[in-house]
1. From (1) hydrophobic (A, V, I, L, M, F, W, C); (2) loosely packed, with under 13 Cβ neighbours inside 10 Å; (3) assigned by TED's automatic domain parsing to the domain that holds Ala9, pick out the condition that doesn't hold for Val62.
2. Can you tell me which residue within segment 26-50, out of those that are modelled with pLDDT of 80 or more and of a type in the set (Lys, Arg), is farthest from Asp61 (Cα to Cα)?
3. Give the residues of segment 25-42 that are more than 19 Å from Ala13 (Cα to Cα) and not hydroxyl-bearing (Ser, Thr, Tyr), sorted by residue number.
Amino acid sequence: MEKELEEAAENYAKGWASNSDKKAFIAGANYQAERMYSEEDLDTFRKFMIQEQNFSKSCLDVFVRQFKKK
């Protein structure tokens, strides 16, 4: 994953950004990844919302996809 992040930072900064801009891009991506939830966390949340709060599974699946770690 680190290699992909370096490549993304290179593509982002092509032609205009400095090395510190690339480092900031990588730091931001790492921060975002840490704030995402694991599949297990999301399954627990989904089960709770379906069982305890009467949410529909299809509605929750759309919501959960947005916050799942990739």
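The values are calculated or read from the model by the stated rules, or taken from the named source; none is laboratory data. Since we're looking at a predicted model, the values are computed, not measured. Glycine also receives a Cβ, built like all others from the backbone with ideal geometry; neighbour counts cover every protein chain displayed.
1. (3)
2. Lys47
3. Ala33, Glu34, Arg35, Met36, Glu39, Glu40, Asp41, Leu42
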